[in-house]
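Worksheet: the structure to be examined is printed underneath.
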Amino acid sequence: MERQGMYIYGILNSNASLQLSIPKDLLLEESESNGVYAIAYQDISALVRSSEIVDYTHMRKDILARLLVGHQTVIERVMTAQTTIIPMRLGTHALDEAEVRDILSKGYNLIKRIFERISDKIEIDLVATWSDFTATIKDAGEVKEIKEFKEELLRNSKGITVDDQMKIGFMLKKALDEKREKYALKIQDALKTVGINYKQHELMDDKMVANIAFLVDKSREKEFYAKVEELNIEFAEKLNFRCVGPLPAYSFFTIEIKKMQFNDVNLARKRLGILEDRSSKDDIKKAFHRQVFISHPDKNPDKPGIEKEYDEIMRSYNILLDYARACEQVGQESLIFNEDEFRKNAVLVKVRE
């Protein structure tokens, strides 16, 4: 039986009471509670729902997509109420209300810094696609190099081989990619003049030319859309543009919670040769450099299993760095390798930018 806990949607820049509900069809199970409310700590609060604690890591893509829609629906509904919200990573759970408040307490300084950066800011996602993909491919085939190669093949009495066809395909892809990059750069350069920041997202298929998120000041939203309209006129009959927004700053600031285990931290410090019960971030770095000097694959190219050994050193180092950051977020400089003390700093609140 799954444990009952709290699902966290995001962090609000307010401690005012808030209640709303999410459509049942966007939950993992329709029998779950769909009531969403805020848990306050000082002048911020977490937007939560009572939920079974479920690991999202290995879920089917279709289920994950439905849960993502539910996650974003709640966040965007709050945003329409003129409330600033920092999204939480999809699938973030706490054990209970006490742990939610502990997360808010530990991440308070970081959270307030983010709110300063996103105050009166919105995200607008822009997607550009080829208006006529078939015509675009045909046009790419008119590039001089490709045209000459095709003519050469037609003159060849031996006919066209599979390798020849593959070469034409590669040449077409190269020409199309160059054209896509040229257009995408022009779009990016035009819109970043009215944006504060931007992030490139993955192109989902060959028909997509650009997939960019822009962080925009609310006061310049109309100016941003005016620029998009200018691009729409400039690329008429070549590109189609679609904007989604205003959105919370998903692409720029998402809170992540890392819950560390004492056994992992204890094994990591032993792997780096740290035997004392108290250490510092500088001590960890020095121990890491000592181990890397001994175990780097470049220094031991013929030693069996050296890559695995090196990976374990890197993993141990990253575990200890996270523990050091968890200690720093509560103003503690020393890392204490005692299980009772560790529990006080076992939660790291960080931001994915």
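As a check on your grasp of the helix formula, calculate [θ] at 222 nm for the chain: sum -39500 (n - 2.57) over DSSP H runs of n ≥ 4, divide by the residue count, round to the nearest 500.
Using -39500 (n - 2.57) per qualifying helix, the result is -14500 deg cm²/dmol.
Would you please state which residues of the range 101-117 a label at Tyr37 would reach in this model, taking the label point 7 Å out along Cα→Cβ and a backbone N cut-off of under 18 Å?
101-102
Taking only C-alpha pairs under 8 Å that are 6+ residues apart, what is the relative contact order of the range 251-317 in percent?
Relative contact order, the range 251-317: 37 percent.
Here is the link list: Lys199/Lys258; Lys61/Lys350; Lys199/Lys285. Which ones come out longer than 28 Å on Cα distance?
Lys199/Lys285
Residue separation times 0.36 nm, minus the C-alpha to C-alpha distance between Asp139 and Glu229: what's the value?
29.9 nm
If I model a spin label at Leu321 and His201 as a point 7 Å from the Cα along the Cα→Cβ vector, what separation in nanometres do I get?
For Leu321 paired with His201, the spin-label model returns 2.8 nm.
Tell me, in nm to one decimal, what length is gained between Leu267 and Leu95 on full extension, where the rule is 0.36 nm per residue of separation less the Cα-Cα distance?
59.4 nm
Calculate log10 I(q)/I(0) of the chain for q = 0.07 Å⁻¹, where I(q) comes from the Debye formula with a single equal point scatterer on each Cα and nothing for solvent.
-0.47
Which of the peptides 236-247, 98-109, 297-308 is most tightly packed, and how do the rest follow, judged by the mean count of other Cβ atoms within 10 Å per residue?
98-109, 236-247, 297-308
Can you figure out the FRET efficiency of Lys308 with Cys243, using R₀ = 56 Å and their beta-carbon distance, to the nearest 0.05?
0.75
For Asn109 and Arg352 in the same chain, what is the full-extension length gain: residue separation times 0.36 nm, less their Cα-Cα distance, in nm?
85.9 nm
Charges only on Cβ, +1 for Lys and Arg, -1 for Asp and Glu: so what's the dipole of the chain about the Cα centre, in debye to the nearest 20?
Dipole about the Cα centre, nearest 20: 500 debye.
Once you have a ≥ b ≥ c as the square roots of the Cα gyration tensor eigenvalues for the range 229-353, tell me rounded if a/c is under 1.5, and otherwise prolate or oblate according to whether a/b is larger than b/c.
Oblate.
Rule-based calculations on the coordinates, nothing more; no lab input. Note that the coordinates shown come from a computational prediction; the quantities given were computed from them, not determined experimentally. Methodologically, a virtual Cβ is constructed for each residue, glycine included, from the backbone with ideal geometry; neighbour enumeration extends over all protein chains shown.
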